[in-house]
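**Q** A single structure is presented below for examination.
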There are 2 protein chains.
Amino acid sequence: MICLFYFEPAKGISVKEAVGRVASESSNGTWTSLSTLKEHIRKIRARAFEIKGNYVKIAYPIELFEFGNVPQLMSSVAGNIFGMKAIKNLKLLDIMFPKAYIKSFDGPGFGVHGVRKFMKIKDRPLTCTVPKPKVGMTTVEHAKVGMDAWLGGVDFLKDDENLSDQKFNRFYKRAELCFKVRDMVEKKTGERKSYFINVTAETKEMLKRAKFVADLNGEYVMIDFLTAGFAGFQSLRDFCHDNKIAIHVHRAMHAAFDRNPKHGVSMLVLAKLVRLIGGDNMHIGTAVGKLVGSREDVMLYRDSISNSKISGGKENLYQDWQGLKDTIPVSSGGLHPGLVPNIIGLLGNDCVLQLGGGIHGHPNGTISGAMAFRQALDATLKGIDLGDYAVEHKELRDALRMWGYSRPV
Amino acid sequence: MICLFYFEPAKGISVKEAVGRVASESSNGTWTSLSTLKEHIRKIRARAFEIKGNYVKIAYPIELFEFGNVPQLMSSVAGNIFGMKAIKNLKLLDIMFPKAYIKSFDGPGFGVHGVRKFMKIKDRPLTCTVPKPKVGMTTVEHAKVGMDAWLGGVDFLKDDENLSDQKFNRFYKRAELCFKVRDMVEKKTGERKSYFINVTAETKEMLKRAKFVADLNGEYVMIDFLTAGFAGFQSLRDFCHDNKIAIHVHRAMHAAFDRNPKHGVSMLVLAKLVRLIGGDNMHIGTAVGKLVGSREDVMLYRDSISNSKISGGKENLYQDWQGLKDTIPVSSGGLHPGLVPNIIGLLGNDCVLQLGGGIHGHPNGTISGAMAFRQALDATLKGIDLGDYAVEHKELRDALRMWGYSRPV
């Protein structure tokens, strides 16, 4: 296992001492010499092997890790080290997973080909919406918004990250009603429709909710993987493996880890862990909406979860995914129809585009918003400028008038 | 529910707009106006009600939250907001849990009184050691270190945060052997001994390990609560409730969240969540060892997990724990016998002192190291200077000679 860190030693600490302390604290060192340190233990120490400016690569013998246990991995390479006085700043930028370690995980159950197959959608980007406001609607109001969005042409309904099982919109009632509406819309439109319903909770309750979804013929569950945590996410993946269900992964709380460029854990590491464990969809930002994340960053996350191999760079490592399926990138956060050409230019067709306010904020409501979204998508795939396409498409015209649009960069 | 944030608006964003965005994104707002926003939804919006410099308090209607679901809480008040462009820096400093919310959790099963009772230790600080090196010893070597430490006078053996179930030291073998040794030492010394064995893994496997410990008459399990995550931690707490087992909580990875004073989630919030869910022990740092954390910080964490009520300050909120049991503070990280008076001066007697290298690095090995630790404790409780006490106590003398000592400040 190889980790790439950005590091800054504390005042008075040499570069060599700083990286030595990171390597030892994240494997089997401590702060004093030990009578108990024998040769077979010394052999599985982690070692820094390349220092370039503030970047260091550390190699960890595979024996240090329990296979199939992400919490144990993170307790090792992303544990105590962030709190050491010898270090001023430390960021885990990437982890290169070796073959044997990858083989101890399932990876995604479907990947983009699997999802396209059960959704019967050949080539175009997949479309998604989350009812807004985020929380507060009753179950009936929620299902009505879902129905309108599905009818308007959206493929996936999605819960917001902070909607789970509140008084105003109970989980089991929501699941029942929304899947009933889903079945009805599928009949009416002849299109496949699905729902990323948020099952995030204490693990046993989460699995109970996932079971309920499976029994209602849901194809997907959604989890906030960082606030639920890796132990719960792995358990949900196991359940979904046995029940042939896909997982939509929301990254709420990621920016508490990854926003500081000098300290914490990178979004790249988080995204790779999602693919390793087996998320089928993963939010990676937009580069253009309300959330932070540069174009280059978003492209790197996309490549790392979509491609079979990635070559290394200054802030990432080479990775061969050993045949593991891909995770579909989800672009969301402040998107509207006028941004669709931009996002497709950036991510290509193998992605989920998720619009929330950019659908429900449409002057004529959700159905028109969903139609405008699909019109923007159609125009982009046909290579027609949105402005031109809007002349004959009223819903798109109203959306562009409200939020504007920009040509692909 | 009240949250206290430190915030810095992004360039060109006013203070009012910044805090408004934080409040709305963490409850039910979005970036555009919505046709779907009705009065009953508007009623449960979060509102900023006090801004003092860079500190803001936000009040969240309790309806926004699912009771008994910490992942959902964190997805709300510690979710997307850290990644908003409108904010340059944002740190969640404290959460004031209201009575109804607290009542939906168990809290600690034992607290200091419960643990003292089953350990038959009346007043003195509890003592603990983790075998070092952190990982790499065989199961037999590990158990031998445990035996020596227990025989030398230590109460608790503890696994390191990155030891779970590796090839060189399998979990089930380790549990069996260590509890056998434990039973033997208890007979020999007439003292109660226990073991914080690390069960951190995917949830179902974690509960299987906890069950195995319960069947071996273990009183405790240990979890890395941040790398396992809140869903798994809550599940483990449920299991421990049903099986009358205490939980030792390690905070590996906390400094990825809390080290930056301007961004992320504070250690105070993490510590309070541990008490809410029900950790019986919790690592809070030393203020004097190898890890960061000031004296004032460590005292605040201690008070917040030990006391029944806390008064508010600049960086924390008032909290009434509504009768919830306490969590025992654990001090660890670079400690040795010479630091014992200092730590007791800081934390008092109701704590667990954990020495790793400061025991096993003793020139005469682990038994002598453990004896030196207990001698330092005895001296401190009797009010005798360590230097004076060392005259008649060779093990302590060797320890002080090796690592020095400092008088309480």
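The values are calculated or read from the model by the stated rules, or taken from the named source; none is laboratory data. The model shown is predicted, which means the values in this text are computed figures rather than measured ones. Please note: Cβ atoms are built from the backbone with ideal geometry, for glycine as well, and neighbour counts cover all protein chains shown.
**Q** Taking A:LYS394 as meeting all but one of (1) modelled with pLDDT under 95; (2) over 19 Å from A:PHE156 (Cβ atoms), write down the number of the exception.
**A** (1)
**Q** Hand me the list of helices (runs of 4 or more DSSP H) wholly inside the range A:91-167 holding 2 or more residues that are more than 10 Å from every other protein chain (Cβ to nearest Cβ), in contact (Cβ under 8 Å) with a residue 60 or more places away in the chain and farther than 24 Å from A:ILE245 by Cβ.
**A** Qualifying helices (runs of 4 or more DSSP H): A:99-102, A:139-152.
**Q** Pick from the range B:346-373 the residues that are touching a helix residue (DSSP H, G or I) at 6+ places or on another chain (Cβ under 7 Å) and away from chain A (no Cβ under 12 Å): which of them is modelled with the lowest pLDDT?
**A** Ranking the qualifying residues of the range B:346-373, first place goes to B:LEU346.
**Q** Take B:ALA370 and tell me if it is of a type in the set (A, V, I, L, M) and without any contact (Cβ under 8 Å) to a residue 24 or more places away in the chain.
**A** Spelling it out, it is not the case that B:ALA370 is of a type in the set (A, V, I, L, M) and without any contact (Cβ under 8 Å) to a residue 24 or more places away in the chain.
**Q** Conditions first: (1) at pLDDT below 95; (2) over 22 Å from the mean Cα position of the chain (by Cα). A:LYS132 passes all but one, so which condition is the exception?
**A** (2)
**Q** Further question on the same structure: Scan the range B:18-40 and tell me whether some residue there is β-branched (Val, Ile, Thr), part of a helix (DSSP H, G or I) and surrounded by fewer than 20 Cβ atoms within 10 Å (Cβ to Cβ).
**A** no
**Q** When only residues in the range A:55-90 that are of a type in the set (D, E, K, R) and within 9 Å of chain B (Cβ to nearest Cβ) count, which is farthest from A:ILE2 (Cα to Cα)?
**A** A:LYS85
**Q** Further question on the same structure: So for the range B:286-295 (the condition being over 22 Å from B:MET119 (Cβ atoms), in contact (Cβ under 8 Å) with a residue 40 or more places away in the chain, basic (Lys, Arg) and in a helix (DSSP H, G or I)), does at least one residue qualify?
**A** yes
**Q** So which pairs qualify, if the first residue must be in the range B:310-332 and under 23 Å from B:LYS117 (Cβ atoms), the second must be of a type in the set (S, T, N, Q) and part of a strand (DSSP E or B), the Cβ gap must be under 7 Å, and the two must be at least 6 apart or on different chains?
**A** Pairs found: B:THR327/B:ASN281; B:ILE328/B:ASN281; B:VAL330/B:ASN281; B:VAL330/B:GLN354; B:SER331/B:GLN354.
**Q** Name the one entry in A:LYS244, A:LYS208, A:LYS272, A:LYS204 that is farther than 18 Å from B:SER75 by Cα, assigned by TED's automatic domain parsing to the domain that holds A:CYS351, buried (at least 24 other Cβ atoms within 10 Å of the Cβ) and charged (D, E, K, R).
**A** Working: A:LYS244 fails: buried (at least 24 other Cβ atoms within 10 Å of the Cβ); A:LYS208 fails: buried (at least 24 other Cβ atoms within 10 Å of the Cβ); A:LYS204 fails: buried (at least 24 other Cβ atoms within 10 Å of the Cβ).
Answer to the check: A:LYS272.
**Q** Just to confirm my filter: which helices (runs of 4 or more DSSP H) fall fully inside the range A:302-393 and include at least 3 residues that are crowded, with 21+ Cβ neighbours inside 10 Å?
**A** Filter on the range A:302-393 gives A:340-347, A:357-360, A:366-382.
**Q** Working only within the range B:187-199, note down all residues that are more than 15 Å from B:VAL221 (Cα to Cα) and either outside the structural domain of B:GLY279 (by TED's automatic domain parsing) or in contact (Cβ under 8 Å) with a residue 24 or more places away in the chain (or both).
**A** B:LYS188, B:THR189, B:GLU191, B:ARG192
**Q** Which of the following residues is more than 7 Å from chain B (Cβ to nearest Cβ), of a type in the set (D, E, K, R) and out of contact with any strand residue (DSSP E or B) (no Cβ under 9 Å at 6 or more places or on another chain): A:LYS16, A:LYS52?
**A** On the way: A:LYS16 fails: out of contact with any strand residue (DSSP E or B) (no Cβ under 9 Å at 6 or more places or on another chain).
After applying the criteria, what remains is A:LYS52.
**Q** Of everything in the range B:313-345 that's over 30 Å from B:LYS57 (Cβ atoms) and of a type in the set (Ser, Thr, Tyr), which residue is farthest from the other protein chains (Cβ to nearest Cβ)?
**A** Top of the filtered list is B:SER331.
**Q** Checking the condition buried (at least 24 other Cβ atoms within 10 Å of the Cβ) and hydrophobic (A, V, I, L, M, F, W, C), which residue from B:ILE102, B:ILE87, B:ILE121 passes? It would help to see each step written out before you state the result.
**A** Details: B:ILE102 fails: buried (at least 24 other Cβ atoms within 10 Å of the Cβ); B:ILE121 fails: buried (at least 24 other Cβ atoms within 10 Å of the Cβ).
Among B:ILE102, B:ILE87, B:ILE121, only B:ILE87 is buried (at least 24 other Cβ atoms within 10 Å of the Cβ) and hydrophobic (A, V, I, L, M, F, W, C).
**Q** Of the residues that make up the range B:182-190, is at least one polar (S, T, N, Q) and either buried (at least 23 other Cβ atoms within 10 Å of the Cβ) or part of a strand (DSSP E or B) (or both)?
**A** no
**Q** Of all residues in the range B:114-138, which are polar (S, T, N, Q) and either out of contact with any Leu (no Cβ under 6 Å at 6 or more places or on another chain) or not assigned by TED's automatic domain parsing to the domain that holds B:LEU377 (or both)?
**A** B:THR138
**Q** Same structure again: Inspect the range B:237-252 for any residue being within 12 Å of chain A (Cβ to nearest Cβ), more than 22 Å from A:PHE239 (Cα to Cα), in contact with a Leu (Cβ under 9 Å, 6 or more places away or on another chain) and without any contact (Cβ under 8 Å) to a residue 60 or more places away in the chain and give the result as yes or no.
**A** Yes; the residues of the range B:237-252 include at least one that is within 12 Å of chain A (Cβ to nearest Cβ), more than 22 Å from A:PHE239 (Cα to Cα), in contact with a Leu (Cβ under 9 Å, 6 or more places away or on another chain) and without any contact (Cβ under 8 Å) to a residue 60 or more places away in the chain.
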